[in-house]
């Protein structure tokens, strides 16, 4: 239960802060809103990277801070995680993502009411393609998640320092969470121009469900037509990355 609760809380923090920065930048009359849209993409990317950092700090000591079904599945494929725990972790991540997005709506409810553009409201919750081309969008999610998972699998390697008979682990403490955050920052900044680089099915599908439930005026009703892209694309990319990692190991 500790691991499950940790995944829920960690993913909740991830999505609460990640979707929160999107809301702050996009919604009307917020302190972070800019009509000129100057620096919007960079601000959102930095906010998401910091959200990853803080989610990992909280949950890492208890659950390993997967916070993403793709990470959980990949670790199971390479033999570093028990398959029996995979459904529980994934369920926890979806619950956490739903809670995080619900908190964003509660926090920015007045600004949702002030915002007239339907796509802007939707973008607070989920990723949307800049150009709708399902083949290209799917490939973008596969490739961006492949890079993310492939690099992440190598982040688990730790160095050791030997002094006489003692062996000391070389680490950065809580700052180790900064490394995967920087990986996310680099990937979204470089590869997110097509779809926003979801690279996390829970991060997209959980908030999408909440968006469909909560009372928001002027909803984008056709958003489910795209929903399979940020779910299946990342899963395929993570499987390919895991297989390549096993082949090279």
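The values are calculated or read from the model by the stated rules, or taken from the named source; none is laboratory data. None of these values were measured; they are calculated from a predicted model. All Cβ positions, glycine included, derive from the backbone under ideal geometry; neighbour counts span all protein chains shown.
Numerical summary
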{"quantity": "Flag if residue 27 is surrounded by 15 or more Cβ atoms within 10 Å (Cβ to Cβ), at positive phi and in contact (Cβ under 8 Å) with a residue 60 or more places away in the chain", "calculated": "no"}
{"quantity": "Of all residues making up the range 118-150, the number that are surrounded by fewer than 16 Cβ atoms within 10 Å (Cβ to Cβ) and more than 30 Å from residue 215 (Cα to Cα)", "calculated": "2"}
{"quantity": "Where a residue in the range 177-205 is touching a residue at least 12 places away in the same chain (Cβ under 8 Å) and on the phi > 0 side of the Ramachandran plot and its partner, wherever it lies, is part of a helix (DSSP H, G or I) and surrounded by 23 or more Cβ atoms within 10 Å (Cβ to Cβ), with Cβ under 6 Å and at least six apart", "calculated": "197/144; 197/188; 199/144; 199/145; 199/148; 199/234"}
{"quantity": "Residue match in the range 101-110 (condition: assigned to a helix (DSSP H, G or I), surrounded by fewer than 23 Cβ atoms within 10 Å (Cβ to Cβ), at pLDDT 95 or above and in contact with a helix residue (DSSP H, G or I) (Cβ under 6 Å, 6 or more places away or on another chain))", "calculated": "yes"}
{"quantity": "Checking residue 60 against (1) at pLDDT 90 or above; (2) more than 22 Å from residue 190 (Cβ to Cβ); (3) outside any loop (DSSP other than H, G, I, E, B); (4) under 20 Å from the mean Cα position of the chain (by Cα), the condition it does not meet", "calculated": "(1)"}
{"quantity": "Candidates 91, 81 - the one that is more than 24 Å from residue 185 (Cβ to Cβ) and part of a helix (DSSP H, G or I)", "calculated": "91"}
{"quantity": "Complete set of residues in the range 118-133 that are assigned to a loop (DSSP other than H, G, I, E, B), in contact (Cβ under 8 Å) with a residue 12 or more places away in the chain and over 20 Å from the mean Cα position of the chain (by Cα)", "calculated": "131, 132"}
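Listed here are the residues, each with its yes/no results for (1) under 15 Å from the mean Cα position of the chain (by Cα); (2) modelled with pLDDT of 90 or more; (3) surrounded by 14 or more Cβ atoms within 10 Å (Cβ to Cβ).
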{"site": "162", "(1), (2), (3)": "no, no, no"}
{"site": "169", "(1), (2), (3)": "no, no, no"}
{"site": "189", "(1), (2), (3)": "yes, yes, yes"}
{"site": "197", "(1), (2), (3)": "yes, yes, yes"}
{"site": "205", "(1), (2), (3)": "yes, yes, yes"}
{"site": "217", "(1), (2), (3)": "no, no, no"}
{"site": "225", "(1), (2), (3)": "no, yes, no"}
{"site": "232", "(1), (2), (3)": "yes, yes, yes"}
{"site": "240", "(1), (2), (3)": "no, yes, yes"}
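Okay, residues lined up against (1) buried (at least 18 other Cβ atoms within 10 Å of the Cβ); (2) assigned to a loop (DSSP other than H, G, I, E, B); (3) in contact with a strand residue (DSSP E or B) (Cβ under 8 Å, 6 or more places away or on another chain); (4) without any contact (Cβ under 8 Å) to a residue 40 or more places away in the chain:
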site: 70; (1), (2), (3), (4): yes, no, no, no
site: 73; (1), (2), (3), (4): yes, no, no, no
site: 87; (1), (2), (3), (4): no, no, no, yes
site: 116; (1), (2), (3), (4): no, yes, no, no
